[in-house]
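Only the coordinates and a few stated rules stand behind these numbers; no lab work does. This structure is a prediction, so every number in the text was calculated from the model and none was measured. Note: ideal-geometry Cβ built from the backbone for every residue, glycine included; neighbour counts use all protein chains shown.
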Amino acid sequence: MTTPVSLALAIGALVAGAVAGYILARVRTRREEVRPPGPTVAELLERLVRSSNNGVVVLNRFGDMVLHNPRAYELGLVKVNQADPRARKAAEQVVETEEPLEIDLSPLEARGRQPEAVLGQVRPLGDGFTVVEAIDHSEAIRLEAVRRDFVANVSHELKTPVGAIALLTEAVLDAAEDVAEVRRFGGKILRESTRLGQLVTELIALSRLQGAERLPDLNVVEVDAVVREALGRTTLSAESADIGITTDHPSGLLVEGDRTLLVTALSNLLENAVAYSPAGSPVSISRRLADGMVEIAVTDRGIGIAEDEQQRVFERFYRADKARSRATGGTGLGLAIVKHVAANHGGSVGLWSRPGTGSTFTLRIPAHVRPEPATEPARAAKTSPAPRQEKTPERTPRLVVTGQDSPDHGGNL
């Protein structure tokens, strides 16, 4: 039986609970009102790390990643969800010594437009945690290398035609009364000045490719258009040398690149093939798709290149046949330009050659992947049937080689 005292105690407990709940609700409401709108400090710090231009990775004492940003992937600091082994080893040392450490995190295999010089700074955070910050110094390194090489190349190469022009000019002044001698020396001056202008132009182009200037953006380029334009540039020199250039059928292939640079590279390969081929011999161009790369091969039946010189022909100013280079007015920069154009497109250039047989230079550029067409809903397919040509399977580009093409194309690179 409930007594008045117990009833009063129960009512008092209910009232006390209601008052306490009301007070707690008011406190929570006030706290929410006091909290400023917007992200917290922790959220801002996370945004700062993710938007940083430097690669950032936080490691625990076991070398496992706790935090990283997208830039760490771009600089190669993180691969397959793991930190670079060099960074992990340096982090272990920093945990033991509690002293910051600088390490070289440059890619072991630089390719195309990827960073080439990456410096890492490893700092302790306490409790066994470390932070690795990767900084890209590629542009500064490339710019310094270009400046140094440009000065060395200019001092070494330009003095020859400049000295020749000075001597020939003196000869013209001494033979001012002899019209025949003036014409003879004048022709030599014209050839040397033309070679000098070509040398300066190619030096400037090479310095741009090596990083002195910002590279152009890559676009979708038709390989067949590149071949046509390069042929147009080489037609005159080929006709003068009595050399015929043959090509395979249009391929319809596409690449990611800069059309002007690709035409320059292919033109240099064609000019090189014409210059080192005997009169009446053939030069051919072939195109094909292999392992996601578009291969453009230029084959000649010229003097060929010895095996011990095949790696050096891509160096600046290196000439396999110095006497022929002087006779044709070559600068020794054509193949170096081709190499850097290929590298800046994420590709490469290969060489197969045999003395007395000829050479095949193959320019390899990543192919453009066409986006897959969107699948139409079933209802739309019933109301609007697809045209007949859409049911035709996509054709795979096929290389059609002329009778003068090298059988070694693509097999000895």
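Numerical summary
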read-out: HIS249 long-range amide H proximity, modeled H, under 5 Å; value: VAL400
read-out: By average C-beta atoms within 10 angstrom, highest first, the peptides 95-105, 117-127; value: 117-127, 95-105
read-out: Inter-site label distance for SER348 and ILE135 at 7 Å from Cα along Cβ, in nm; value: 3.3 nm
read-out: Inter-label distance for THR97 and GLU74, nm, one decimal - labels placed 7 Å from Cα along Cα-to-Cβ; value: 3.1 nm
read-out: Amide H within-cut-off set for LEU105, under 5 Å, with H built and near neighbours excluded; value: VAL118, LEU119, GLY120
read-out: Peptides 129-140, 334-345, 226-237 ordered by average Cβ neighbours within 10 Å, highest first; value: 334-345, 129-140, 226-237
read-out: Cα→Cβ-extended label distance, 7 Å offset, between LEU67 and LEU119, nm; value: 2.4 nm
read-out: Segment VAL220-LEU45, length gained on full extension (0.36 nm per residue, minus Cα span); value: 59.1 nm
read-out: Highest-first arrangement of 77-87, 359-369, where packing means the average Cβ count within 10 Å; value: 359-369, 77-87
